[in-house]
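Trainee: Would you mind keeping the following structure in view while I ask a few things?
The values are calculated or read from the model by the stated rules, or taken from the named source; none is laboratory data. Fair warning: this is a prediction, and the values are worked out from it, not measured in the lab. Cβ: placed from backbone, ideal geometry, glycine included. Neighbour counts: every protein chain shown. SASA here: full protein model, heavy atoms, side chains in, ligands and nucleic acids out. Shrake-Rupley method; radii C 1.70, N 1.55, O 1.52, S 1.80 Å.
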Amino acid sequence: MELINSLLFMLNEMSPYILLGFLIAGLMHAFVPQQTFARHLSGTGWKAVVKSALIGVPLPLCSCGVLPTAIAMRRNGASRAASTSFLIATPQTGVDSIAATWSLLGPAFAVVRPVAALVTAVAGGIAVGKTERGEANTTNLHATDQSEELRDRSFGGKCVAALKYGFIDLVGSIGGWLVAGLIIAALITVYVPADFFSVLGQNPILSMIAVLVIAIPMYVCATGSIPIALSLVMKGLSPGTALVLLMAGPAANFASFTLISREMGRRQAIIYLLSIIAGAMAFGLLIDYVLPVGWFSITEMHAVCNHHVSDFGIFPTVCSGILVILLGISLVRRNINQHKITGEMTKEYTIKGMNCPHCQATVAKCISSVNGVEQVDVNLSTGIATVEGNHNAEDIVNAVRNAGFDVI
C-alpha cells in the first residue's frame, strides 16, 4: 500500500504539468515543423552554436529522437559545432520536462536545469568548432518530415495535428520511460533504507561520479529522470547530484555516442560526451557549494510518506486519470501496429540505436519511402525491421542511416 501511495503521489504532482507540456509541445510541432528548425539552424560560427542551443532547450525530443533532427541539420549545411550544440541541449530539457521539474523539484531546479543545458551546449559546440578549422560543409540532405503535409493544413487542421502529436505520439514516445521512472522512484522511496546513501551523501563529488558511471550507459528520458532524482535526494544524496542525473541520463548513452562518432567523427563525439560530463559536474557543484541551500530544499517541499490518497486534490487526480488513459491508449496502439508480415520477398534488418517509439516510427517511415517496399514492421524490443516487397537492400541501409540510425 505504501508503494502505491508513493507512486500515486508523484503521479499527481507531475500529471498537470506533463499534460501542459504535451500541449505546448504539440503546438510547437504543428506550427513550427522540424524542417523549419533544421533550415534556420543551418550555418557555421558561434552564432549558429548559440542559436542551436537556444532552440534546442525547449524542444521535447529525447536523446534518440533528437539524432535524426541533428543529422538533418548537419546535412543541410550546419557545422559540426552547431549540430553538437543542438545534440547536447535538446535531450536534457523540453517544455514538458521543465514543467514536470517545477512540480517535483521546485522552481530553482526548473530554472537551473535549462540554463545548465544551454551553457553546456554552447561550450561543447564551441569546443567542437575549434576542431573544424574552416572545414567546408559539402553534405546535403533531402530531408523530409511532417512540414509538407502540415504546411497546407488549415488552422483547425494544425490544432488537431498538435493534439495528436502532443497527446498520442509524444505520449507513446516517452510514456514507457515515464512509467519506468515513476516505478523506480517509488521503489527507492519505499524500500531503500534512509541511511543507504549516507556515505555518498557526505561526499558530493564521489556521489556525482557514481551517478555518472550509472547514468551515461543507460537511457532515460528527461521527464522520466525527474522522479528518480527526487527519490535519490529524499534518501540523502545532494541536490547537485540529482542535477547530474538530470543532465547526464537523458543526454548521453552509448547508442547516441556511436551514431555521433559515425556522422561527425570520433573526436567530436568525445568532445560531446566530455562536455556533458564537465557541465553536469560543474553545475552540480555550483548547486551544492555556491547557490543558497534553501533554493533546493526538496525534503522540505515533499513528505511522501505523509500523503495519502484521501489528501489528493480533485484537479491533479483528474489529470492523473487522463494521463493514465493516454498511456493505456498508447500501449494498445503499439500492440495493434506490431502486425505480422509474411511473403516470399520478405527481408529482415537489425536496426541499431532505437530506444523509444519515436525512433521506431522514424525508422518505419524512412524504410516505407524506399522504392519497392510494400509493408514494414519495426519491432522496438528486438530491433528487427521486417520489410516486404521487391526492394534494394542497399537503399534500405542508406535510408536508415540517413535517418540517424545504423543497420546490419
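Trainee: For segment 109-118, what does the Karplus curve 6.51 cos²θ - 1.76 cosθ + 1.60, with θ = phi - 60°, yield as ³J(HN,Hα) per residue in whole Hz, taken in order and with x for Gly and Pro?
Mentor: Along segment 109-118, the couplings run 4, 5, 8, 5, 4, x, 5, 4, 4, 5 Hz.
Trainee: A further question on this structure: K347: which lysines have alpha carbons under 24 Å from its alpha carbon, excluding same-chain residues fewer than 8 sequence positions away?
Mentor: Within reach: K365.
Trainee: For K352, enumerate residues with amide H under 5 Å from its amide H, sequence gap 5+ or separate chain, H modeled in the peptide plane.
Mentor: The list, which skips near neighbours in sequence, is D406, V407, I408.
Trainee: If R₀ is 41 angstrom, what is the calculated FRET efficiency for the pair W295 and L274, using the beta carbon separation as r and rounding to 0.05?
Mentor: My answer for the efficiency is 0.90.
Trainee: Tell me, what is the 1.4 Å probe accessible area of E2, in Å² to the nearest 10?
Mentor: Counting only protein heavy atoms, the figure is 100 Å².
Trainee: Applying the Karplus parametrisation 6.51 cos²θ - 1.76 cosθ + 1.60 with θ = phi - 60° to the phi angles of segment 154-160, what ³J(HN,Hα) value in whole Hz is obtained for each residue in order, glycine and proline being reported as x?
Mentor: Each residue's phi maps through the Karplus curve to give 6, 4, x, x, 5, 5, 5 Hz.
Trainee: So what are the ³J(HN,Hα) numbers for segment 51-59, from phi and the Karplus equation (6.51, -1.76, 1.60; θ = phi - 60°), rounded to whole Hz, Gly and Pro as x?
Mentor: Listing the rounded values in order: 4, 4, 5, 4, 6, x, 4, x, 5 Hz.
Trainee: Please compute the modelled spin-label separation between W46 and T350, points set 7 Å along Cα→Cβ, answer in nm with one decimal.
Mentor: The modelled label-to-label distance comes out at 4.6 nm.
Trainee: Same structure again: So if we plug the beta-carbon distance of F155 and R267 into 1/(1 + (r/R0)^6) with R0 = 51 Å, what FRET efficiency do we get, rounded to 0.05?
Mentor: 0.65
Trainee: Let me ask another. Hey, rough spin-label estimate for L331 and I314, points 7 angstrom out along Cα→Cβ, what's it come to in nanometres?
Mentor: Rounded to a tenth, the inter-label distance reads 2.9 nm.
Trainee: Which order do peptides 233-239, 162-168 fall in by mean Cβ count within 10 Å, highest first?
Mentor: In decreasing order of mean packing, 233-239, 162-168 become 233-239, 162-168.
Trainee: Under 5 Å between amide H atoms, partner at least 5 residues away or on a different chain: which partners does A78 have, H built in plane at 1.01 Å?
Mentor: G43
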